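Engineer: To start, I am sharing the structure in question, which I have written as structure tokens.
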Amino acid sequence: MRLVMKCPKCGAFIPDDAVYCPSCGEEIKIVPEFDPLVENRIDESLSVLASSLDDGDDTSDDEYDDYDEEDDFDSNEEGHIFGSYKVTICILCIVLIALLGSIVYYLINDRSSDVKTDNPSVKSTVSASDSSLEGASQEAALTGEGPEAPTFSVASGTYDEEIEVYIEAGEGSIYYTINGVTPTLADSIFNGVDPIVFDKNGIYTLKAILVDSDGVKSEVATVTYEIAMPIPDAPTIIEDSGNYNVDTQIAVVTSEGTNVYYTTDGSDPTASSTLYTGPVSMPYGESVYKFVAIDNETGAASEIVERTYSLHYTVNVSEESAASLLITSLVQKGYLLDGSGAVAGMDGYNTYSVTSTEVISSGDYYVFTEYHMSTDGSATATGLLYAVNVHDGAVYRLGTDGAGNYFLKQLS
């Protein structure tokens, strides 16, 4: 069957496959022009189909065949195709499918147009925890609507004294670094109260950003400071490094307007270290001193001066003499019966052997271990230790603390 199309605007006939009216240019929607009888027939067929579905009847093909035989149209009449309910349903399905296809096509095109009007996406390599923040910052960068960069209370330049710097910015959190690295959310936060203090000579690059309440970052603000305070003269230490065998005082001479600080643990001294107020007694044994002079006004520090000392008294007592002095003292105190080492109430005798020489309580001492010799010739340590000063021969009982350090005890 050939469908004849007319222009809905001017009524002119439309050639096959034409999209616009050749007469007036109106856009043509491809819809067949049905005969009224055909349309009435469609309505009747749909009514019968709906009635059958509502009543739950199982209409047989024979009934519809009879219905076809009563059809007003024969095989040569236009519109006969709608006499079959199956064909009618197929046509309705095709129409519905076409309608759905149009809707889907419209939605797709509408979605595509929305995407095209958005800002272009920006690829990011930030972690998941920072993705929303980076996205907000990138959007702000594209639109130019980010917060203003922070400012600094002290301008870039060279300073010959300590400076205190405040960072000023709008609402949000201020992150900063002083080593020239671009700050991130993992860096220090400026609290707005405590200044950033530059009190040591050197060159510093201070960078700061502001992150507002929406997580948008400002541009990075940068300022550079060179601290070049005058350096005071290093202190003069009267006692040179070396070995000493008598008690010695360590004396220091410094410039006016400076204080001297020192350490004895090998660390570099600062203004928080021990203040030198007068000559210091050199400790017995080995020691390391470090001294620094610090300007009272600028806080500038001098070079560090280091001294190493070894103080040991002259050895006047040999090991053999020390053993004799020990036994004599033990006899005098009643620990032993005589100089052979005999012990009251016990067979055999005690003997004493030097196991080491130690620095104990500002002196060098021979350390003796006590053994008991049985009549069968076997030796057993008694657990007692004694100490004899190598300089003056003084005798002591020797104990150990929880850390294994020796300490002296008077013989009782």
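To keep it simple, each residue is scored yes or no on (1) open to solvent by less than 30 Å² (accessible area, probe 1.4 Å); (2) outside any loop (DSSP other than H, G, I, E, B); (3) assigned by the TED database to the domain that holds THR270; (4) free of Cβ contacts under 8 Å to residues at least 12 places away in the same chain.
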{"position": "GLU171", "(1), (2), (3), (4)": "no, no, no, no"}
{"position": "PRO183", "(1), (2), (3), (4)": "yes, no, no, no"}
{"position": "LEU206", "(1), (2), (3), (4)": "yes, yes, no, no"}
{"position": "GLY215", "(1), (2), (3), (4)": "yes, no, no, no"}
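Engineer: Of the residues that make up the stretch 352-362, is at least one crowded, with 18+ Cβ neighbours inside 10 Å, small (Gly, Ala, Ser), closer than 17 Å to LEU408 by Cβ and outside the structural domain of VAL246 (by the TED database)? Give the steps one after another, and end with the answer.
Structural biologist: Looking only at the stretch 352-362, we keep the residues that are crowded, with 18+ Cβ neighbours inside 10 Å, and these are 352, 360.
From the residues that got through so far, the ones that are small (Gly, Ala, Ser) too are none.
No; the residues of the stretch 352-362 include none that is crowded, with 18+ Cβ neighbours inside 10 Å, small (Gly, Ala, Ser), closer than 17 Å to LEU408 by Cβ and outside the structural domain of VAL246 (by the TED database).
Engineer: How about the stretch 344-412: which strands (runs of 3 or more DSSP E) wholly inside it have at least 1 residues that are closer than 15 Å to GLU319 by Cα? Break it down stepwise before answering.
Structural biologist: Values: elements: 349-359, 364-373, 379-389, 395-400, 406-409.
Filter on the stretch 344-412 gives 349-359, 364-373, 379-389, 395-400.
Engineer: Right, next: Assuming VAL197 fulfils every condition listed in (1) surrounded by 12 or more Cβ atoms within 10 Å (Cβ to Cβ); (2) touching a strand residue (DSSP E or B) at 6+ places or on another chain (Cβ under 6 Å); (3) touching a residue at least 24 places away in the same chain (Cβ under 8 Å) apart from one, which condition is it?
Structural biologist: Unmet condition: (1).
Engineer: Of the residues that sit in the stretch 295-325 and are at pLDDT 95 or above and in a strand (DSSP E or B), which one is most open to solvent (accessible area, probe 1.4 Å)?
Structural biologist: That would be GLU306.
Engineer: What residue, among those in the stretch 366-406 that are more than 18 Å from SER329 (Cβ to Cβ) and hydrophobic (A, V, I, L, M, F, W, C), is most open to solvent (accessible area, probe 1.4 Å)?
Structural biologist: ALA403
Engineer: Give the residue that is nearest to ASP233 (Cα to Cα), with candidates limited to residues of the stretch 273-294 that are open to solvent by 50 Å² or more (accessible area, probe 1.4 Å), out of contact with any Ser or Thr (no Cβ under 9 Å at 6 or more places or on another chain) and of a type outside the set (Ser, Thr, Tyr).
Structural biologist: Ranking the candidates gives LEU275 first.
Engineer: Going through the stretch 252-272 one residue at a time, which ones are in a loop (DSSP other than H, G, I, E, B) and open to solvent by 30 Å² or more (accessible area, probe 1.4 Å)? Spell out the reasoning first.
Structural biologist: Initially, the stretch 252-272 is screened for residues in a loop (DSSP other than H, G, I, E, B), giving 254-257, 264-272.
THR254, SER255, GLU256, GLY257, THR264, ASP265, GLY266, SER267, ASP268, THR270, ALA271, SER272, listed by residue number.
Engineer: Please state which of the following conditions THR298 fails to meet, knowing it meets all the rest: (1) within 37 Å of the chain's Cα centre (by Cα); (2) without any contact (Cβ under 8 Å) to a residue 60 or more places away in the chain.
Structural biologist: So the condition that THR298 fails would be (2).
The values are calculated or read from the model by the stated rules, or taken from the named source; none is laboratory data. As the structure is a prediction and not an experimental result, all values here were calculated from the model. A quick note on method: Cβ atoms are made from the backbone with ideal geometry, for glycine too, and the neighbour counts reach across all protein chains shown. These area figures cover heavy atoms from the full protein model, side chains too; ligands, DNA and RNA do not enter into them. Shrake-Rupley method; radii C 1.70, N 1.55, O 1.52, S 1.80 Å.
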